[in-house]
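What follows is a short report on a single structure.
The values are calculated or read from the model by the stated rules, or taken from the named source; none is laboratory data. Bear in mind the structure is a predicted one, so any value in this text is a computation, not a measurement. No Cβ is skipped: glycine too gets one built from the backbone with ideal geometry, and neighbour counts run over all protein chains shown. Ligands, DNA and RNA are excluded from the accessible area calculation, which covers all protein heavy atoms including side chains. Shrake-Rupley method; radii C 1.70, N 1.55, O 1.52, S 1.80 Å.
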Amino acid sequence: MSELVPASGTVHWIGTGLSTGSGLARVCEAAERVRVWHRTEERAAEALERLGLTGRAEPRAYTLPALTAQLAPGDVVVSMLPAPEHAGILAACVARKAHFACSSYVSDAVLEQVPAALAAGVVVLTEAGLDPGIDHLFAHSLVARARDAIGDGTAASYRLTSYCGGIPAVPNDFRYRFSWAPLGVLGALRSPARYIEDGAETTAARPWEATRRHVVDGEGFEVYPNRDSVPFVEQYGMPPAWKARSFVRGTLRLEGWLRAWDAVFEELKGGDDARIAALARELAAAYPTTDTDRDRVVLAVSLDVRGPAGQAWSGSYLLDLVGDEEESAMARCVSRTLALGVGHVLDGSLPPGLSRAAETAARSEEWLRELALEGMEFTLRVDA
């Protein structure tokens, strides 16, 4: 492993979509120089004006060659672009010895470049947003507390659920508000989900068909599994002596969502890629995100552990935020968490190679403290 390339103090923020919020202002405070990249320089300037950051960052027209030409060793590149774009950007970062950060899951294409990044002394920060991101922080914190209470070597069973959703603050007939690209939402629904239920690995080919009711702080929601939850058993540090009764990471929706989306699900069952892309455009037109409506983010992570002779521990984290006229709740959660990670790249506290928002319980507690100081509101409940 090469030594860490010292941060230059320059940050390149690519993309100013629905998830870019006040975190960009935090980056402008922490960095010596910030460049914001958009499709055109004019669009970048408009985004900076909208965020109240005119004069605090330099607008740029984004193309990968244009970005690459301006990269210097130690620069930090923050990608808010769709995940398929990340591998190409990371390759440019490694070649120029610049650090990379995003809020997305680690893709295979990114993972393949980690050895080269490590050798180059480059930080690759991923999963530093809301989900993934804050959900990992909550889970690591709960697991560490349960391990202290129950003991790693104790034969125990546990149930861990982690559900997150961006929903309308005022329920609408569609029971949803798009907080990211509709095509991405539909693509996630078309991807099988793997999780543990009743002690056994289970796969839902159509995740929405596994939807069930879930109560959070007395309020009913609908939840369903997404992606592959199983690898997170190891990532969250669950002791081998503990057996999972249930381990599910998934999506949270308003009650009535399953029924409201019935026509969409029928399309997903039989539509090809072209039809699904057309459907995404139709939904974007039918249910636009406006400046007057408000979003709500609910993230609920809970862990219940049962040991021998009545030994038990349970705890839960809840984040429940509503957006305001300045920024959406989704943008606040994603961008401020990512900005926190960028700050740690700038101060040299992250090592070269791959880092997620939460690799250890200790770092999770540190990040949670810092997010709380940033004004992020969440609650922890423990019953031992």
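With the crude spin-label approximation of a point 7 Å out along Cα→Cβ, what separation in nm comes out for Ser349 versus Ser107?
3.0 nm
Summarise the long-distance tail of P(r) for segment 292-370 by giving the % of C-alpha pairs beyond 19 Å.
On the way: 1711 of 3081 pairs.
In whole percent, the share of Cα-Cα pairs in segment 292-370 beyond 19 Å is 56.
In Å², what does the accessible area per residue of segment 175-272 work out to with a 1.4 Å probe? Display every interim value, and only then the final one.
Details: 4510 Å² over 98 residues.
Spelled out: the 1.4 Å probe surface of segment 175-272, per residue, equals 46 Å².
Which loop-located GluC sites (Glu not before Pro) does segment 303-361 contain, where loop means any DSSP state but H, G, I, E or B and the Cβ has at most 13 other Cβ atoms within 10 Å? Provide the component values of the computation, followed by the final result.
Details: sites: Glu325, Glu326, Glu327, Glu359; in loops: Glu325, Glu326, Glu327, Glu359.
Qualifying residues, ordered by number: Glu325, Glu326.
Once every Cα of segment 198-355 carries one equal point scatterer and solvent is ignored, give the base-10 log of I(q)/I(0) from the Debye formula at q = 0.14, 0.18, 0.21 Å⁻¹, two decimals.
-1.08, -1.40, -1.44
Tell me the net charge near His38. Cut-off is 10 Å between Cβ atoms, His38 excluded, with +1 for each Lys or Arg and -1 for each Asp or Glu.
Spelling it out: positives minus negatives among the neighbours equals 0.
Taking only the alpha carbons of segment 105-236, what extent do you get along each of the three principal axes, in Å, biggest first?
52, 40, 28
Fully extended, how many nm does the chain gain between Asp293 and Ala119 (0.36 nm per residue separation, minus their Cα-Cα distance)?
Values: separation 174, 0.36 × 174 = 62.64 nm, distance 4.70 nm.
57.9 nm is the gain from fully extending Asp293 to Ala119.
Bin width 10 Å, origin at 0, all Cα-Cα pairs of segment 83-143: what percent of pairs per bin?
Taking every Cα pair in segment 83-143, the percentages come to 24, 47, 24, 6.
Can you tell me the alpha carbon radius of gyration of segment 182-273 divided by the globular rule-of-thumb value 2.2 N^0.38 Å? Present the calculation step by step, with values, prior to reporting the outcome.
Numbers: Rg = 14.5 Å, N = 92, 2.2 N^0.38 = 12.3 Å.
Against the compact-globule rule of thumb, the ratio is 1.19.
Give me a comma-separated list of calculated 3J(HN,Hα) values for segment 22-30, in order, Karplus coefficients 6.51, -1.76, 1.60 applied at θ = phi - 60°, integers in Hz, x for any Gly or Pro.
Karplus values, whole Hz, x for Gly and Pro: 5, x, 5, 5, 4, 5, 4, 6, 8.
Defining a contact as two alpha carbons under 8 Å apart and six or more residues distant in sequence, what relative contact order in percent does the chain show? Show your work: numbers first, answer last.
Values: 821 pairs, mean separation 90.7, N = 384.
The normalised contact order for the chain reaches 24 percent.
Past the 19 angstrom mark, what percentage of all C-alpha to C-alpha distances in segment 1-144 do you count? Each step should come with its number before you reach the end.
Working: 5325 of 10296 pairs.
The share of Cα pairs beyond 19 Å in segment 1-144 comes to 52 percent.
I want to verify the translational diffusion coefficient of segment 131-177 in µm²/s; compute it with Stokes-Einstein, Rh as the Kirkwood radius over Cα pairs, at 10 °C and 1.306 mPa s. Don't jump to the answer; show the numbers that get you there.
Numbers: Rh = 13.4 Å.
Once the numbers are plugged in, D ends up at 118 µm²/s.
Where does each of 328-338, 20-30 land if you order them by average Cβ count within 10 Å, highest first? If you can, show how the numbers build up before the last one.
Details: 328-338: 26.8, 20-30: 21.5.
By packing density, highest mean first, the sequence is 328-338, 20-30.
Once you wrap a convex hull around the alpha carbon atoms of segment 32-86, what is its projected area averaged over all directions, in nm²?
On the way: hull surface 16.6 nm².
Over every viewing direction, the Cα hull of segment 32-86 projects on average to 4.2 nm².
Which order do the peptides 272-284, 155-167 come out in when sorted by mean C-beta neighbours inside 10 angstrom, highest first?
155-167, 272-284
Given only helices, namely DSSP H runs of n ≥ 4 each adding -39500 (n - 2.57), what is the per-residue ellipticity at 222 nm of the chain, to the nearest 500 deg cm²/dmol? Numbers along the way, then the final one.
On the way: 14 runs with 135 residues, N = 384.
Mean residue ellipticity at 222 nm (helix-derived): -10000 deg cm²/dmol.
Please list, in order, the residues from segment 31-52 whose amide nitrogen is less than 14 Å from a point placed 7 Å along the Cα→Cβ vector of Ala66.
35-47
Could you size up the charge dipole of the chain around its Cα centre, putting +1 on the beta carbon of Lys and Arg and -1 on that of Asp and Glu, and report it in debye to the nearest 20? Before the final figure, lay out the partial values.
On the way: 38 positive and 51 negative charges, 96 e Å.
The dipole of the chain has a size of about 460 debye.
What FRET efficiency would be calculated for the residue pair Asp148, Ala263, taking the C-beta separation as r and a Förster radius of 45 Å, to the nearest 0.05?
Plugging the Cβ-Cβ distance into 1/(1 + (r/R0)^6) gives 0.40.
Report, for the chain, the % of DSSP beta bridges that are antiparallel, rounded to 5.
Percentage antiparallel, nearest 5: 55.
If the elastic network links every pair of Cα atoms under 10 Å, which of Glu201, Glu32, Glu234 fluctuates the most in the Gaussian network model of the chain?
Result: Glu234 has the largest fluctuation of those listed.
Determine by what factor the alpha-carbon radius of gyration of the chain differs from 2.2 N^0.38 Å, reporting the quotient.
Values: Rg = 20.9 Å, N = 384, 2.2 N^0.38 = 21.1 Å.
Against the empirical 2.2 N^0.38 Å value, I get 0.99 for the chain.
Return the tail of the calculated pair distribution for segment 2-47, meaning the percent of Cα-Cα pairs more than 11 Å apart. Present the calculation step by step, with values, prior to reporting the outcome.
On the way: 731 of 1035 pairs.
Summing the P(r) tail past 11 Å for segment 2-47 gives 71 percent.
Only Lys, Arg, Asp and Glu count, each charged at its Cβ (+1, +1, -1, -1), so figure out the dipole size of segment 57-174 about its Cα centre, rounded to 20 debye. Write out the running numbers ahead of the final one.
On the way: 6 positive and 11 negative charges, 49 e Å.
I would put it at about 240 debye.
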